[in-house]
Amino acid sequence: MITANQITGLILAGGRAQRMGGIDKGLIPFHGKPMIESTITRLKPQVSTILINANRSITKYAHYGYPVLMDQTPDFSGPLAGFSIGIKHCKTPYLLTSPCDSPLLPMDLAEKMAVELEDNNLELVFASSKEADGKIWSQPVFCLMKNSLQDSLDAFLSKGDLKIDRWFKELRSGTVIFENAQAFANVNTPEELTALEKVSS
């Protein structure tokens with residue numbers, strides 16, 4: 001059984017947040033505290049240690065006491081660039097990723113994905129959410145992967161492909177459906193932030 005001490009958590013805070021006026025999303029106040037604090041609080045019990053992937057506000061993120069890793073490609077090339085640097089610094093067999101702007105992420109994220117990974121002999125498992133209307137949406141930036149995938153990811157990125165789902169198709173990958181769609185709610189506009197604060201108060 002995969003336990004928390006075999007998993008490193010990677011918080012992705014490397015994006016440009018253009019829809020939020022370019023503000024660094026992890027630092028936007030959520031219930032009065034930077035949003036990344038909610039993510040850290042929920043991720044911490046599920047992993048042995050945390051890494052933060054950020055390309056700016058480095059000193060602010062470093063204040064939380066975890067290593068802050070910048071993308072090796074300086075052009076905000078999406079979550080896969082974050083995954084890549086996270087795997088390189090991951091000293092445990094598994095890496096669990098989460099964006100910095102989903103402050104209600106499931107407390108059993110690692111546990112459910114670890115079971116799926118082991119039971120089906122997979123290399124990577126990503127989350128999916130079930131909406132109230134029964135629709136299933138994949139949430140590919142929430143995933144649990146083996147740290148042995150570095151070569152595969154580097155080869156994929158070197159082709160210039162940044163599409164996360166295309167990389168998943170090259171792997172033995174699967175998904176876990178979480179019933180609470182709200183758990184993956186992320187914040188792209190000021191209105192979404194206000195709505196999410198109401199839901200979680």
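The values are calculated or read from the model by the stated rules, or taken from the named source; none is laboratory data. All figures in this text were calculated on a predicted structure; none of them were measured in a lab. Neighbour counts are summed over all protein chains in view; Cβ atoms, including those assigned to glycine, are modelled from backbone coordinates with ideal geometry.
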For segment 45-63, what are the residues that are surrounded by fewer than 18 Cβ atoms within 10 Å (Cβ to Cβ) and in contact with a strand residue (DSSP E or B) (Cβ under 7 Å, 6 or more places away or on another chain)? 48, 49, 58, 62
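Yes/no matrix, rows are residues, columns are (1) at pLDDT 90 or above; (2) more than 17 Å from residue 142 (Cβ to Cβ); (3) in a loop (DSSP other than H, G, I, E, B):
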site: 53; (1), (2), (3): yes, no, no
site: 75; (1), (2), (3): no, yes, yes
site: 82; (1), (2), (3): yes, no, no
site: 97; (1), (2), (3): yes, no, no
site: 102; (1), (2), (3): no, no, yes
Number of the exception - residue 28 against (1) over 13 Å from the mean Cα position of the chain (by Cα); (2) under 18 Å from residue 184 (Cβ atoms); (3) at pLDDT 95 or above: (3)
Restricting to segment 155-180, what's the tally of residues that are out of contact with any Ser or Thr (no Cβ under 9 Å at 6 or more places or on another chain) and assigned to a loop (DSSP other than H, G, I, E, B)? 5
Residues satisfying the stated conditions in segment 104-121, i.e. assigned to a loop (DSSP other than H, G, I, E, B) and out of contact with any Leu (no Cβ under 8 Å at 6 or more places or on another chain): 106, 107, 108, 120, 121
Of 143, 90, the only residue that is of a type outside the set (Gly, Ala, Ser), crowded, with 18+ Cβ neighbours inside 10 Å and in a loop (DSSP other than H, G, I, E, B) is 90
Please determine whether any residue of segment 13-25 is among the polar types (S, T, N, Q) and either at pLDDT 90 or above or surrounded by 15 or more Cβ atoms within 10 Å (Cβ to Cβ) (or both). no
How about segment 149-173: which of its residues are surrounded by fewer than 18 Cβ atoms within 10 Å (Cβ to Cβ), within 18 Å of the chain's Cα centre (by Cα) and not hydrophobic (A, V, I, L, M, F, W, C)? 150, 163, 165, 166
For residue 138, are the conditions met, namely being more than 22 Å from residue 3 (Cα to Cα), part of a strand (DSSP E or B), hydroxyl-bearing (Ser, Thr, Tyr) and more than 12 Å from the chain's Cα centre (by Cα)? yes
